[in-house]
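Scroll down for the structure; my scribbles are underneath it.
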Amino acid sequence: MPMLDMPLEELRAYKGISPMPADFDAYWDRALKELDETDLNVEYVPSAFVSALADCYDLYFTGVGGSRIHAKFLKPKNLQGKAPAILQFHGYSSNSGDWVDKLSYVSEGFVVAALDCRGQGGTSEDLASVKGTTQNGMIVRGLSDPDPDKLHFRNVFLDTAAIARIVMDLPYVDETRVGAMGGSQGGALTLACIGLEPRINRAAPVYPFLSDYRRVWEMDMAERAYAELKTYFRYFDPRHEREEAIFEKLGYIDVANLMHRVKSKVMMATGLMDNVCPPSTQFAAFNRIPTQKEHVLYPDFGHEHLPDFDDMTFQYMRKM
């Protein structure tokens, strides 16, 4: 079998080499308390997109730090009783996608909410201010600020928990039948969501990003999606005098470190030739998940469309 990373038997045992800060759980408990105290001020604006299957809305809420966050929201027409729901998260720098992409789930009776990440390709605001560089990427945004609460992805992770709460609180949604899904950054946000919102029933992350940063660095794969790590060291710590402290701080926004908090079922997909999000970094997160889980492997595929996995995910979510 072609091999880009560790042998498969080593991958199945690997749990990562990036540090977890000693106050990691206190950090996220404090963050969730901030979310608890935030007035989400949810608003639904009817969309210009028209479907015979769904009522479509632009959903807005106020996230931590005051940013107004946007999501596409679809509700099946003539809904009776309580429906299951799907949360969708998109790839790095992209957006929530087209309305029509969500209709397959609506046709099966699902409510669908697709988040636009703050500061990326959608319409969500990013009002947070930080000290230090914001150059070239969201991973390093806030990394130079003395306050770890200023890390950009802290707020994005909290937005995933917020949209989950909003959907679960709807009177026509069955809060016990809510799933989360996404690929790359969307896979990472799926994992972050189930780490911060334990009521999620099941999740289907695809080749998740934002995991085991030190492994990415040591593999010399800080390119493409992770290129900002290399740029940050070159510009702001060229002799690596603060390397340990930098990776320690990144540990707060490492999804692998959140996995011990997960309560949901998980079906993850990984291409073993992934040279964007190395397989070992994905296994680092998967191997820490303490619940019922399945890892679907594609030996000859990288960071690309994985045949049949969308269909597998659809059937997986129907079983909630």
Net charge of Cβ neighbours under 11 Å - reference Y207; Lys, Arg +1; Asp, Glu -1
-2
Apply the Karplus curve 6.51 cos²θ - 1.76 cosθ + 1.60, θ = phi - 60°, to the phi angles in the stretch 296-307 and return the couplings in whole Hz, x for Gly and Pro.
9, 10, 10, x, 9, 10, x, 8, 7, 4, 9, x
Rounded to whole Hz, the Karplus (6.51, -1.76, 1.60) HN-Hα couplings of the stretch 276-290, x for glycine and proline:
9, 10, x, x, 4, 5, 6, 5, 4, 6, 4, 5, 9, 6, x
Paramagnetic reach from V45 in the stretch 110-137 [backbone N under 15 Å; point 7 Å along Cα→Cβ]
116, 122-126
Can you give the net charge of the other residues whose Cβ lies under 14 Å from the Cβ of D145, counting K and R as +1 and D and E as -1?
+4
Rounded to the nearest 5, the percent of antiparallel DSSP beta bridges in the chain equals 40
Below 20 Å, Cα to Cα, which lysines can K265 reach? Residues fewer than 8 away in the same chain don't count.
K15, K293, K319
Between the DSSP loop rule and a limit of at most 16 other Cβ atoms within 10 Å, which GluC sites (Glu not before Pro) in the stretch 13-82 are left?
E37
How far apart, in nm, are two points set 7 Å out from the Cα along the Cα-to-Cβ line at K131 and at T176?
4.9
Under 5 Å between amide hydrogens, which residues at least 5 positions from V296 or on another chain qualify, with H placed 1.01 Å from N in the peptide plane?
M268, A269, T270
Sorting V262, V206, V45, V167 on the 10 Å Cβ count, fewest up front, what's the list?
V45, V167, V262, V206
Using Cα positions and a limit of under 12 Å, work out the aspartates and glutamates in reach of K263, with same-chain residues fewer than 8 apart set aside.
E197
Within the stretch 199-255, DSSP-loop GluC sites (Glu not before Pro) with at most 11 other C-beta atoms within 10 Å are E241
To one decimal place, what Kirkwood hydrodynamic radius in Å is obtained for the stretch 205-320 from all pairs of distinct Cα atoms?
15.4
Explain nothing, just compute: Karplus ³J(HN,Hα) = 6.51 cos²θ - 1.76 cosθ + 1.60, θ = phi - 60°, for every residue of the stretch 177-182 in order, whole Hz, x for Gly and Pro.
10, 10, x, 10, 7, x
Counting only DSSP loop positions in the stretch 173-244, the trypsin sites (Lys or Arg not before Pro) whose Cβ has at most 15 other Cβ atoms within 10 Å are R199, R239, R242
Rounded to the nearest whole number, the per residue volume of the convex hull around the C-alpha atoms of the stretch 78-200 in Å³ is 105
In what order do K265, K102 fall by count of nearby beta-carbon atoms within 10 Å, going from fewest to most?
K265, K102
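None of the figures in this text is laboratory data; all of them are computed from the coordinates on show. The model shown is predicted, which means the values in this text are computed figures rather than measured ones. Using ideal geometry, Cβ is built from the backbone for each residue, glycine included, and neighbour counts are taken over all protein chains shown.
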